[in-house]
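Below is one structure, written out as C-alpha coordinates, with a few remarks after it.
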Amino acid sequence: MATTSPEHIKCLIIGSGPAGYTAAIYAARANLKPVMYQGLQPGGQLTITNDVENFPGYPDGIMGPEMMEDLKKQAARFGTDIRYGIATAVDFSGHPHRVTIDENLELTADTVIIATGASAKWLGIPSEQRLNGSGVSACAVCDGFFYRGKDVAIVGAGDTAAEEATYLANLCSKVYMIVRKGEMRASKIMQKRVLDNPKIEVLWNTVTDEILGEHGVEGARLKNVLDGTTRDIAIEGFFVAIGHEPNSKIFQPYLHHDEQGYLKTLPGTAKTNVDGVFACGDVQDYTYRQAVTAAGSGCMAALDAERYLAALGDH
(Lines give C-alpha, C1' and ligand atoms only; values in the text may rest on other atoms or scores of the structure.)
Protein backbone atom coordinates (compact mmCIF):
# COMPACT_ATOMS: atom_id res chain seq x y z
CA MET A 1 0.00 0.00 0.00
CA ALA A 2 1.47 3.36 -1.06
CA THR A 3 2.08 6.01 1.58
CA THR A 4 1.86 9.70 0.90
CA SER A 5 4.92 11.75 1.72
CA PRO A 6 4.42 14.75 4.00
CA GLU A 7 3.99 18.10 2.29
CA HIS A 8 7.35 19.83 2.03
CA ILE A 9 7.58 23.58 2.59
CA LYS A 10 10.54 25.87 1.95
CA CYS A 11 9.59 28.41 4.63
CA LEU A 12 7.04 27.54 7.30
CA ILE A 13 5.77 30.31 9.58
CA ILE A 14 4.11 29.20 12.80
CA GLY A 15 1.86 31.87 14.29
CA SER A 16 0.55 35.19 13.09
CA GLY A 17 0.45 38.67 14.61
CA PRO A 18 2.81 41.51 13.66
CA ALA A 19 5.90 39.27 13.78
CA GLY A 20 4.45 36.41 11.73
CA TYR A 21 2.76 38.60 9.12
CA THR A 22 5.85 40.78 8.65
CA ALA A 23 8.00 37.68 8.26
CA ALA A 24 5.49 36.42 5.69
CA ILE A 25 5.60 39.69 3.72
CA TYR A 26 9.39 39.62 3.50
CA ALA A 27 9.59 35.88 2.84
CA ALA A 28 6.99 36.03 0.09
CA ARG A 29 8.68 38.97 -1.61
CA ALA A 30 11.94 36.98 -1.50
CA ASN A 31 10.17 34.09 -3.29
CA LEU A 32 10.49 31.72 -0.33
CA LYS A 33 6.88 30.61 -0.93
CA PRO A 34 5.98 30.86 2.76
CA VAL A 35 3.18 28.85 4.31
CA MET A 36 1.71 30.29 7.50
CA TYR A 37 -0.34 28.48 10.11
CA GLN A 38 -2.11 31.19 12.08
CA GLY A 39 -2.38 29.42 15.40
CA LEU A 40 -4.94 29.48 18.18
CA GLN A 41 -5.46 33.25 18.02
CA PRO A 42 -5.12 34.44 14.39
CA GLY A 43 -3.65 37.92 14.49
CA GLY A 44 -2.25 37.49 17.99
CA GLN A 45 -2.77 39.72 21.03
CA LEU A 46 -3.65 42.78 18.96
CA THR A 47 -6.95 41.18 17.99
CA ILE A 48 -8.13 41.86 21.56
CA THR A 49 -6.83 45.45 21.53
CA ASN A 50 -9.27 48.16 20.58
CA ASP A 51 -7.21 51.23 19.69
CA VAL A 52 -3.60 51.06 18.49
CA GLU A 53 -2.11 54.55 18.45
CA ASN A 54 1.62 53.86 18.75
CA PHE A 55 2.28 51.94 15.53
CA PRO A 56 4.00 54.17 12.94
CA GLY A 57 1.94 55.12 9.90
CA TYR A 58 -1.47 55.41 11.56
CA PRO A 59 -1.78 59.10 12.58
CA ASP A 60 -5.40 58.65 13.65
CA GLY A 61 -4.82 55.25 15.25
CA ILE A 62 -6.37 51.97 14.15
CA MET A 63 -8.37 49.17 15.72
CA GLY A 64 -6.19 46.16 16.56
CA PRO A 65 -8.26 43.61 14.59
CA GLU A 66 -8.36 45.93 11.56
CA MET A 67 -4.59 46.39 11.64
CA MET A 68 -4.07 42.62 11.75
CA GLU A 69 -6.46 42.17 8.83
CA ASP A 70 -4.44 44.73 6.85
CA LEU A 71 -1.22 42.86 7.59
CA LYS A 72 -2.85 39.57 6.63
CA LYS A 73 -4.01 41.00 3.29
CA GLN A 74 -0.55 42.40 2.61
CA ALA A 75 1.07 39.02 3.30
CA ALA A 76 -1.49 37.26 1.08
CA ARG A 77 -1.00 39.81 -1.72
CA PHE A 78 2.60 38.67 -2.17
CA GLY A 79 1.65 35.02 -2.20
CA THR A 80 1.78 33.78 1.38
CA ASP A 81 -0.31 30.62 1.79
CA ILE A 82 -2.22 31.49 4.98
CA ARG A 83 -3.91 28.54 6.67
CA TYR A 84 -5.89 27.87 9.82
CA GLY A 85 -4.27 25.38 12.16
CA ILE A 86 -2.17 24.96 15.28
CA ALA A 87 1.31 23.45 15.49
CA THR A 88 0.97 20.70 18.08
CA ALA A 89 4.38 18.99 17.84
CA VAL A 90 7.79 19.51 16.24
CA ASP A 91 10.91 17.47 15.62
CA PHE A 92 13.99 19.63 15.10
CA SER A 93 16.47 16.78 15.58
CA GLY A 94 17.36 16.54 11.89
CA HIS A 95 16.79 18.02 8.45
CA PRO A 96 14.31 18.75 7.10
CA HIS A 97 12.44 19.96 10.18
CA ARG A 98 9.23 18.14 11.00
CA VAL A 99 6.08 19.85 12.24
CA THR A 100 2.70 18.38 13.13
CA ILE A 101 -0.42 20.51 12.64
CA ASP A 102 -3.61 19.85 14.60
CA GLU A 103 -2.13 16.55 15.87
CA ASN A 104 -2.51 14.74 12.55
CA LEU A 105 -1.06 16.66 9.58
CA GLU A 106 2.66 16.02 9.10
CA LEU A 107 4.81 18.63 7.33
CA THR A 108 8.50 19.00 6.57
CA ALA A 109 10.22 22.34 6.16
CA ASP A 110 13.63 23.67 5.15
CA THR A 111 13.20 26.68 7.40
CA VAL A 112 10.81 27.36 10.27
CA ILE A 113 9.97 30.82 11.61
CA ILE A 114 8.40 30.70 15.07
CA ALA A 115 6.07 33.65 15.74
CA THR A 116 3.76 32.11 18.33
CA GLY A 117 3.86 35.11 20.68
CA ALA A 118 3.10 35.17 24.37
CA SER A 119 -0.12 35.12 26.33
CA ALA A 120 -0.80 37.53 29.17
CA LYS A 121 -1.53 35.95 32.52
CA TRP A 122 -4.91 37.02 33.88
CA LEU A 123 -6.54 37.00 37.30
CA GLY A 124 -9.33 34.71 36.14
CA ILE A 125 -12.35 36.70 37.30
CA PRO A 126 -15.34 36.95 34.91
CA SER A 127 -15.52 40.76 34.83
CA GLU A 128 -11.88 40.88 33.75
CA GLN A 129 -12.61 39.10 30.48
CA ARG A 130 -15.94 40.86 29.97
CA LEU A 131 -14.30 44.29 30.19
CA ASN A 132 -11.11 43.31 28.36
CA GLY A 133 -10.50 46.09 25.86
CA SER A 134 -13.08 48.31 27.60
CA GLY A 135 -10.89 49.52 30.43
CA VAL A 136 -9.08 46.28 31.26
CA SER A 137 -5.64 45.87 29.70
CA ALA A 138 -2.47 43.79 30.10
CA CYS A 139 -0.22 46.46 28.59
CA ALA A 140 0.20 49.85 30.25
CA VAL A 141 2.65 51.07 27.61
CA CYS A 142 0.11 50.21 24.88
CA ASP A 143 -3.00 51.63 26.52
CA GLY A 144 -1.94 54.03 29.27
CA PHE A 145 -2.34 57.07 27.01
CA PHE A 146 -6.12 56.60 26.97
CA TYR A 147 -6.25 57.24 30.72
CA ARG A 148 -4.48 60.59 30.89
CA GLY A 149 -5.67 62.51 33.93
CA LYS A 150 -7.75 59.58 35.20
CA ASP A 151 -7.53 57.23 38.17
CA VAL A 152 -6.39 53.67 37.41
CA ALA A 153 -5.29 50.50 39.18
CA ILE A 154 -2.57 48.00 38.36
CA VAL A 155 -2.16 44.47 39.75
CA GLY A 156 1.29 42.98 40.24
CA ALA A 157 4.39 43.03 42.41
CA GLY A 158 7.32 42.38 40.07
CA ASP A 159 9.61 44.66 38.08
CA THR A 160 7.17 44.89 35.18
CA ALA A 161 4.32 45.95 37.45
CA ALA A 162 6.52 48.52 39.20
CA GLU A 163 7.78 49.87 35.88
CA GLU A 164 4.26 50.09 34.45
CA ALA A 165 2.91 51.73 37.62
CA THR A 166 5.62 54.38 37.31
CA TYR A 167 4.80 54.81 33.62
CA LEU A 168 1.10 55.23 34.40
CA ALA A 169 1.88 57.75 37.14
CA ASN A 170 3.36 60.03 34.47
CA LEU A 171 -0.01 60.03 32.69
CA CYS A 172 -2.71 59.44 35.26
CA SER A 173 -4.01 61.40 38.24
CA LYS A 174 -3.67 58.44 40.60
CA VAL A 175 -2.42 54.87 40.39
CA TYR A 176 -3.49 52.19 42.87
CA MET A 177 -0.97 49.34 42.90
CA ILE A 178 -2.63 46.16 44.15
CA VAL A 179 -0.15 43.77 45.80
CA ARG A 180 -1.27 40.40 47.15
CA LYS A 181 1.44 40.13 49.82
CA GLY A 182 3.02 42.51 52.28
CA GLU A 183 6.06 42.92 50.05
CA MET A 184 7.00 43.23 46.39
CA ARG A 185 9.11 40.93 44.24
CA ALA A 186 10.43 43.92 42.29
CA SER A 187 14.08 44.97 42.56
CA LYS A 188 14.94 47.47 45.31
CA ILE A 189 15.42 50.34 42.88
CA MET A 190 12.03 49.74 41.23
CA GLN A 191 10.33 49.48 44.63
CA LYS A 192 11.91 52.79 45.66
CA ARG A 193 10.59 54.50 42.53
CA VAL A 194 7.09 53.27 43.29
CA LEU A 195 7.14 54.10 46.99
CA ASP A 196 8.64 57.55 46.40
CA ASN A 197 6.02 58.49 43.81
CA PRO A 198 3.23 60.54 45.43
CA LYS A 199 0.75 59.54 42.69
CA ILE A 200 1.09 55.81 43.43
CA GLU A 201 -0.73 54.27 46.39
CA VAL A 202 0.34 50.70 47.14
CA LEU A 203 -2.46 48.54 48.56
CA TRP A 204 -0.66 45.74 50.41
CA ASN A 205 -2.16 42.31 51.20
CA THR A 206 -4.92 43.02 48.72
CA VAL A 207 -6.61 41.05 45.92
CA THR A 208 -9.27 41.98 43.39
CA ASP A 209 -12.72 40.52 44.02
CA GLU A 210 -14.44 42.15 41.06
CA ILE A 211 -13.98 44.84 38.43
CA LEU A 212 -17.00 47.13 38.46
CA GLY A 213 -18.83 48.59 35.47
CA GLU A 214 -21.25 47.46 32.78
CA HIS A 215 -19.80 48.79 29.54
CA GLY A 216 -16.50 50.12 30.84
CA VAL A 217 -14.43 50.06 34.01
CA GLU A 218 -15.94 52.25 36.73
CA GLY A 219 -14.27 50.78 39.79
CA ALA A 220 -12.90 47.71 41.54
CA ARG A 221 -13.94 45.78 44.63
CA LEU A 222 -10.84 44.89 46.61
CA LYS A 223 -10.39 42.43 49.45
CA ASN A 224 -7.84 42.52 52.24
CA VAL A 225 -6.42 38.99 52.55
CA LEU A 226 -5.54 39.43 56.24
CA ASP A 227 -8.91 40.44 57.67
CA GLY A 228 -11.30 39.71 54.78
CA THR A 229 -12.65 43.25 54.61
CA THR A 230 -13.62 44.69 51.24
CA ARG A 231 -13.58 48.19 49.81
CA ASP A 232 -14.52 49.77 46.49
CA ILE A 233 -12.27 52.17 44.62
CA ALA A 234 -13.33 54.40 41.73
CA ILE A 235 -11.13 53.91 38.65
CA GLU A 236 -11.51 54.02 34.88
CA GLY A 237 -8.63 51.76 33.90
CA PHE A 238 -7.53 48.39 35.29
CA PHE A 239 -4.14 46.97 34.28
CA VAL A 240 -2.98 43.41 34.89
CA ALA A 241 0.81 43.04 35.16
CA ILE A 242 1.31 39.58 36.63
CA GLY A 243 3.41 38.35 33.73
CA HIS A 244 3.25 36.78 30.30
CA GLU A 245 3.74 33.17 29.25
CA PRO A 246 5.54 32.61 25.95
CA ASN A 247 3.81 30.10 23.68
CA SER A 248 6.93 27.98 23.34
CA LYS A 249 6.24 24.68 25.09
CA ILE A 250 6.42 22.40 22.04
CA PHE A 251 9.75 23.93 20.98
CA GLN A 252 11.52 23.77 24.34
CA PRO A 253 12.94 20.24 23.98
CA TYR A 254 14.97 21.44 20.99
CA LEU A 255 15.52 25.18 21.42
CA HIS A 256 17.43 27.07 24.07
CA HIS A 257 15.13 29.09 26.31
CA ASP A 258 15.23 30.96 29.60
CA GLU A 259 13.59 29.86 32.85
CA GLN A 260 10.32 31.52 31.85
CA GLY A 261 10.23 29.75 28.49
CA TYR A 262 11.23 32.63 26.20
CA LEU A 263 13.21 31.30 23.25
CA LYS A 264 16.79 32.48 23.03
CA THR A 265 18.11 33.96 19.80
CA LEU A 266 21.65 34.88 18.82
CA PRO A 267 22.01 38.59 19.68
CA GLY A 268 21.24 40.82 16.73
CA THR A 269 19.56 37.98 14.82
CA ALA A 270 16.48 35.78 14.84
CA LYS A 271 18.62 32.61 14.82
CA THR A 272 18.00 29.92 17.41
CA ASN A 273 20.47 27.20 18.36
CA VAL A 274 19.03 24.94 15.61
CA ASP A 275 20.10 25.72 12.05
CA GLY A 276 17.17 26.79 9.90
CA VAL A 277 14.88 27.59 12.85
CA PHE A 278 14.24 31.24 13.67
CA ALA A 279 12.19 32.97 16.37
CA CYS A 280 10.62 36.41 16.32
CA GLY A 281 8.13 38.52 18.25
CA ASP A 282 6.98 38.04 21.81
CA VAL A 283 7.92 34.36 21.99
CA GLN A 284 11.55 35.54 22.25
CA ASP A 285 11.12 39.13 23.50
CA TYR A 286 10.49 39.50 27.22
CA THR A 287 11.71 43.12 27.29
CA TYR A 288 9.75 45.27 24.83
CA ARG A 289 6.67 43.26 23.76
CA GLN A 290 5.41 45.91 21.34
CA ALA A 291 3.80 45.47 17.93
CA VAL A 292 6.49 47.53 16.22
CA THR A 293 9.39 45.57 17.75
CA ALA A 294 7.62 42.31 16.90
CA ALA A 295 7.25 43.45 13.29
CA GLY A 296 10.93 44.39 13.15
CA SER A 297 12.00 40.99 14.46
CA GLY A 298 9.70 39.31 11.91
CA CYS A 299 11.60 41.11 9.17
CA MET A 300 14.88 39.87 10.70
CA ALA A 301 13.62 36.28 10.79
CA ALA A 302 12.63 36.30 7.11
CA LEU A 303 15.94 37.84 6.04
CA ASP A 304 17.86 35.33 8.16
CA ALA A 305 15.85 32.47 6.62
CA GLU A 306 16.52 33.78 3.11
CA ARG A 307 20.28 34.02 3.78
CA TYR A 308 20.30 30.56 5.34
CA LEU A 309 18.69 29.04 2.25
CA ALA A 310 21.00 31.02 -0.06
CA ALA A 311 24.04 29.65 1.78
CA LEU A 312 22.71 26.13 1.22
CA GLY A 313 22.19 26.86 -2.47
CA ASP A 314 18.44 26.35 -2.12
CA HIS A 315 17.52 29.91 -2.98
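The values are calculated or read from the model by the stated rules, or taken from the named source; none is laboratory data. Note that this is a predicted model, so its numbers are computed, not measured. Here the Cβ is made from the backbone with ideal geometry for all residues, glycine too, and neighbour counts use every protein chain on show. Quick note on the areas: whole protein, heavy atoms, side chains included, nothing else; ligands and nucleic acids left out. Shrake-Rupley method; radii C 1.70, N 1.55, O 1.52, S 1.80 Å.
In segment 1-41, which residues are surrounded by 20 or more Cβ atoms within 10 Å (Cβ to Cβ) and part of a loop (DSSP other than H, G, I, E, B)? The answer is 15, 16, 32, 38, 39. The number of residues in segment 64-106 being assigned to a strand (DSSP E or B), surrounded by 15 or more Cβ atoms within 10 Å (Cβ to Cβ), under 21 Å from the mean Cα position of the chain (by Cα) and of a type outside the set (Val, Ile, Thr) comes to 1. Screening segment 160-180 for residues that are of a type in the set (Val, Ile, Thr) and under 14 Å from residue 196 (Cα atoms) and picking the one that is most open to solvent (accessible area, probe 1.4 Å) gives 166.
Would you say residue 291 is over 13 Å from the mean Cα position of the chain (by Cα) and of a type in the set (A, V, I, L, M)? So residue 291 does not fit the description; no. Pairing residues of segment 149-168 that are over 15 Å from residue 203 (Cβ atoms) with residues that are open to solvent by 10 Å² or more (accessible area, probe 1.4 Å) and of a type in the set (Lys, Arg), at Cβ distances under 8 Å and at least 6 apart in sequence or on separate chains, gives 158/185; 159/185; 166/193.
If we keep just the residues of segment 138-155 that are outside any helix (DSSP H, G or I) and open to solvent by 10 Å² or more (accessible area, probe 1.4 Å), which is nearest to residue 183 (Cα to Cα)?
Among residues in segment 138-155 that are outside any helix (DSSP H, G or I) and open to solvent by 10 Å² or more (accessible area, probe 1.4 Å), the one nearest to residue 183 (Cα to Cα) is 155.
Looking at residue 214, is it part of a loop (DSSP other than H, G, I, E, B) and either within 28 Å of residue 279 (Cα to Cα) or free of Cβ contacts under 8 Å to residues at least 60 places away in the same chain (or both)? So residue 214 fits the description; yes. Residue pairs whose Cβ atoms lie under 6 Å apart, sitting 6 or more positions apart in sequence or on different chains, and linking a residue in segment 107-122 that is part of a strand (DSSP E or B) to a partner that is among the charged types (D, E, K, R), are 107/7; 108/98; 110/10; 118/282; 119/245.
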